[in-house]
Amino acid sequence: MHLAEHPTRFALTSELRDMLEQSARRAASPPPQQRQDLQTHAFFELYAELPLRERQARSLAYAMVNEPVIVFPDDRLHGVFYGGGDPQLGGTGPWEAYCSVADGRRREAAENPEMLPFHDPGGSFIISTGAFPGHIAWNYHDVLEIGVDGLIERHRQALADTRDMVAAEYYRGVIILLEAVLTWNDRHVAALRELLSSARDPQARQRLTESIDLLERVPAQPARTFLEALQSFYFIWLAVMYEVPYGGNSPGRLDYFLWPYLQREYADGSLDREQVTHLLCELFIKIDERVHASDGHVNTIVVGGVAPDGSDAVNPLSWMMLDAFEALPLTHPAVYTRVSSRNPPEYLARCVDYLVNGGNRAQILADEAIITAMMQDHAMPFEDAAMYMCGGCMEIAPHGLNSDLLFAFLYNVPKTVELLVTGGTCLITGKPRLEMPGSLRDYPDFPAFYAACVDEIRRVLHAKFRTLDIYSETMAHWRPAFLQSSMTGDCLLRGRSQQDGGARYADYGGTPLGLQNAADALYAIKRAVFDDHICTADQLMAALTANFVGHDALRRRLLAIPKFGEGDPGAEAMMAQLLADLCHVFDSYTNRHGGRVKPIIFTFVWAPEMGRNLGASADGRLAGEPIGHGLTPQRLGSRRGLTTAIDASTQIPLHLVRGGASTMWDMDAASLRTDLLQAIVQAFINRGGQIFQGNTSDVAELERALLSPADYPNLIVRVGGFSARFINLNPQLQQEIVQRHRHLTR
């Protein structure tokens, strides 16, 4: 059942415009969240004598049920809180001894000293410290199907049946938090009743009465209608976000899980497209409000794609979610599209239309390529891989089945190449950074230098992977995430939280940055020093140290060496080899739960930041220039046009990239034709590309916004895995976006 033709675009009603304005005003000056103070009082005073697991559960439950309740009489959906408030993230004061982050830092220093040189604060960036949590979805559809009461009963039965004391502690914690969700919901009902008691307008009284009836049923009981399903989803999603308020935690496949509750009402005309889209707009406004000012705090919905049985999963709700988000000037929740050959052709046309007209907020994910890559992990079955979603930007994992170290670090790969060339000296600081077996001059041939590069990548990454095992242990101990775990696949069966071995897939993930820059530098070294003898190793090192000042002729010759993206067999082979070797390093590590570490290749906001940490490189790039995006050819490699660049980016071994392989294709606005762009996207998908994104904005408009930012409050741009209001970005990131290569589509 599809919308074969896209109808007139949804127009915001005056009610929705008022809601947008009020929401933005509240988000600009939110009330202070009470969680940290409430949880601190409960943990260190009220429940200080309880066993740790019960103490953790009851203190968070106390904070939740005592958090100020905010309701608005005109809303159809209810529940709101602002910001983060998790004391685990700060780990200061009394929490330092009970914090997974602080404990992880202590243990990393003591147990994995090999990481210390990579983290030297006096040197330029090599790899990130610590471990980022978040970037997953959870199975809120369990609550839609059986209600919180049913989920509590499942855990009570598991508690009654188990003889495992660790499992028993976990089940008790889950029950305590789920009961707190219902108490929190009851407080919303009470607040609505108080509004009703003073309401005089008949329409206001009717809406408040309907809201009270709604919250008295869900999320405690199974949802029966679309509105009940929306409220149940929203409230339980909000409750879990209260527990784990991290970036990237997302609704995931929302159209897939909500469609069964709309299908009957949509078919019999009880709800039409306008009514449903209006409700979706309200949902999106409410999701946005708590993080309105933080564009990079990505909460992603993915629509379309295939179902676990391989059938077409596009439904009318998929279309309406695109309509709703396209009508709103928001950056949350991001709405991305999955595309499969099983989907109708008009759906791909709608996805490309969204790419062109959606305000630089679109991202297209290719099902066949992504699912193929995912199924190589743990022999993952198709039905699990087919449920993939983006945790935030583009961290690919099966919905509700993975633990939350999925995107845990970032690694500046070209910095490793730089340090191998110089023998460990940082070109930015001029100081020794790492101990190396020698410099470029000490290698007899390119294969020996390249082998040393792969060895160093392995040394850096395996040290980091051991750190992630440490943080996984500290998170399992200090941050049991009872609510999130209660809706994560296999935690109930195993009696363990998601970081304690409960999740079906305990995979970690991290982001290697600047692979195209590293490959281009390596190929330039191969050609210039070893094959074509353009210069000696000493001459190249002198030029790089001087940032090419006084070495203009050499730089011109280095710039002329082909780059990845230009169709040169040697340059493309170098990128393919580097990507394969890097992925094999990721695959070679088995984590503490028997899981893998997945490369998740995207760039987010780090293109200028990583570039600032790099000196000049052998491909002719100057010190400080931004790195490339994802697996897209860098600017120097885009000179032969979009088709050649896409050919290059899809001929490398993307099947080895199991956590998501992103590309960024910024288009020249003046030449942009939707029909040609659709052909380009189709070719990208047919050739095995995974993730397609890019800007379609006019560079002249961006430049005007730099001069008069107040005139462009809602000018949204694609940064890298997420979208942001252009005027809110830092100047370096603004310039990076303005200066990107724009591809012609005519």
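The values are calculated or read from the model by the stated rules, or taken from the named source; none is laboratory data. Please read all numbers here as calculations on a predicted model, not as lab measurements. Glycine also receives a Cβ, built like all others from the backbone with ideal geometry; neighbour counts cover every protein chain displayed. With ligands, DNA and RNA removed, areas are computed over all heavy atoms of the protein, side chains included. Shrake-Rupley method; radii C 1.70, N 1.55, O 1.52, S 1.80 Å.
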Go through the stretch 161-191 and give me each residue that's in contact with a Phe, Trp or Tyr (Cβ under 6 Å, 6 or more places away or on another chain) and farther than 13 Å from ILE236 by Cα. GLY173, VAL174
Subset tally (residues that are under 17 Å from GLY637 (Cα atoms), small (Gly, Ala, Ser) and touching a strand residue (DSSP E or B) at 6+ places or on another chain (Cβ under 7 Å)) for the stretch 510-530: 1
May I ask you to verify whether THR474 is buried (at least 21 other Cβ atoms within 10 Å of the Cβ) and more than 23 Å from GLY122 (Cβ to Cβ)? yes
Any chance ARG273 is over 22 Å from the mean Cα position of the chain (by Cα), within 25 Å of MET19 (Cα to Cα) and among the basic types (Lys, Arg): yes
Given the options ARG466, ARG441, ARG459, name the one that is of a type in the set (D, E, K, R), in contact with a helix residue (DSSP H, G or I) (Cβ under 6 Å, 6 or more places away or on another chain) and assigned to a helix (DSSP H, G or I). ARG441
Can you tell me which condition ALA180 does not meet? The list is (1) closer than 17 Å to GLN498 by Cα; (2) at pLDDT 95 or above, and all the others hold. (1)
Which of the residues belonging to the stretch 696-727 are assigned to a loop (DSSP other than H, G, I, E, B) and out of contact with any strand residue (DSSP E or B) (no Cβ under 9 Å at 6 or more places or on another chain)? ASP698, SER708, VAL719
Criterion violated by ASP507 - all others in (1) acidic (Asp, Glu); (2) in contact with a strand residue (DSSP E or B) (Cβ under 8 Å, 6 or more places away or on another chain); (3) open to solvent by 10 Å² or more (accessible area, probe 1.4 Å) satisfied: (3)
Is it the case that some residue within the stretch 646-664 is under 22 Å from ARG342 (Cα atoms), out of contact with any strand residue (DSSP E or B) (no Cβ under 7 Å at 6 or more places or on another chain), in contact (Cβ under 8 Å) with a residue 60 or more places away in the chain and not β-branched (Val, Ile, Thr)? yes
Kindly establish whether ARG557 is on the phi < 0 side of the Ramachandran plot, under 29 Å from the mean Cα position of the chain (by Cα) and open to solvent by 50 Å² or more (accessible area, probe 1.4 Å). no
Considering only the stretch 428-471, state which residues are open to solvent by 20 Å² or more (accessible area, probe 1.4 Å), of a type in the set (A, V, I, L, M, F, W, C) and in contact with a Lys or Arg (Cβ under 9 Å, 6 or more places away or on another chain). ILE428
Do the conditions hold for LEU77, that is, is it at pLDDT 95 or above, outside any helix (DSSP H, G or I) and of a type in the set (A, V, I, L, M)? yes
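To keep it simple, each residue is scored yes or no on (1) on the phi < 0 side of the Ramachandran plot; (2) modelled with pLDDT of 95 or more; (3) over 19 Å from the mean Cα position of the chain (by Cα).
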site: MET575; (1), (2), (3): yes, yes, yes
site: LEU582; (1), (2), (3): yes, yes, yes
site: ARG596; (1), (2), (3): yes, no, no
site: ALA618; (1), (2), (3): yes, yes, yes
site: PRO626; (1), (2), (3): yes, yes, yes
site: LEU636; (1), (2), (3): yes, no, yes
site: GLN651; (1), (2), (3): yes, yes, yes
site: MET664; (1), (2), (3): yes, yes, no
Residues being in contact with a strand residue (DSSP E or B) (Cβ under 9 Å, 6 or more places away or on another chain), open to solvent by 10 Å² or more (accessible area, probe 1.4 Å) and of a type in the set (Ser, Thr, Tyr) - total across the stretch 247-275: 1
Long-range neighbours under 9 Å by Cβ, at least six apart or interchain, first residue under 23 Å from VAL143 (Cβ atoms) and at pLDDT 95 or above within the stretch 185-199, second open to solvent by 50 Å² or more (accessible area, probe 1.4 Å) and assigned to a loop (DSSP other than H, G, I, E, B): LEU192/PRO73
Scan the stretch 276-290 for residues that are farther than 23 Å from PHE10 by Cβ and open to solvent by less than 10 Å² (accessible area, probe 1.4 Å) and report the count. 0
Could you tell me how many of the residues in the stretch 510-554 are open to solvent by less than 50 Å² (accessible area, probe 1.4 Å) and outside any loop (DSSP other than H, G, I, E, B)? 25
Could you give every pair whose Cβ atoms fall below 6 Å, whose first residue belongs to the stretch 547-564 and is under 17 Å from GLN634 (Cα atoms), and whose second residue is at pLDDT below 95 and not polar (S, T, N, Q), counting only separations of at least 6 or pairs across chains? LYS563/LEU636; LYS563/GLY637; PHE564/GLY637
Applying the selection to the stretch 5-58, what residues are more than 18 Å from PHE482 (Cβ to Cβ), open to solvent by less than 30 Å² (accessible area, probe 1.4 Å) and in a helix (DSSP H, G or I)? LEU16, MET19, LEU20, SER23, ALA27
Can you find, within the stretch 102-119, the residue that is most open to solvent (accessible area, probe 1.4 Å) among those that are in contact with a Leu (Cβ under 9 Å, 6 or more places away or on another chain) and closer than 14 Å to ARG459 by Cβ? PRO117
Restricting attention to the stretch 111-140, and to residues there that are among the aromatic types (Phe, Trp, Tyr) and in a loop (DSSP other than H, G, I, E, B), which single residue is farthest from the chain's Cα centre (by Cα)? PHE125
Determine, yes or no, whether TYR234 is of a type in the set (Ser, Thr, Tyr) and under 30 Å from ILE600 (Cβ atoms). yes
If I go through the stretch 735-746 residue by residue, how many of them are crowded, with 21+ Cβ neighbours inside 10 Å and assigned to a helix (DSSP H, G or I)? 2
What residue, of PHE132, PHE118, is farther than 29 Å from ALA220 by Cα and in contact with a strand residue (DSSP E or B) (Cβ under 7 Å, 6 or more places away or on another chain)? PHE118
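Can you spot a residue in the stretch 484-500 that is modelled with pLDDT of 95 or more, open to solvent by less than 20 Å² (accessible area, probe 1.4 Å) and within 30 Å of ASP538 (Cα to Cα)? Lay out the reasoning, then the answer.
Our first condition is that a residue be modelled with pLDDT of 95 or more; within the stretch 484-500, this holds for 484-500.
Next, from what is left, pick out any that are open to solvent by less than 20 Å² (accessible area, probe 1.4 Å): 484-489, 491, 495, 497-499.
Okay, now just the ones that are also within 30 Å of ASP538 (Cα to Cα), so none.
Among the residues of the stretch 484-500, not one is modelled with pLDDT of 95 or more, open to solvent by less than 20 Å² (accessible area, probe 1.4 Å) and within 30 Å of ASP538 (Cα to Cα), which makes the answer no.
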Taking the criterion of being surrounded by 21 or more Cβ atoms within 10 Å (Cβ to Cβ), in contact with a helix residue (DSSP H, G or I) (Cβ under 8 Å, 6 or more places away or on another chain) and within 30 Å of GLN484 (Cα to Cα), would at least one residue in the stretch 411-427 satisfy it? yes
When the residues of the stretch 564-577 are narrowed to those that are open to solvent by less than 10 Å² (accessible area, probe 1.4 Å) and not in a helix (DSSP H, G or I), which ends up farthest from THR650 (Cα to Cα)? PHE564
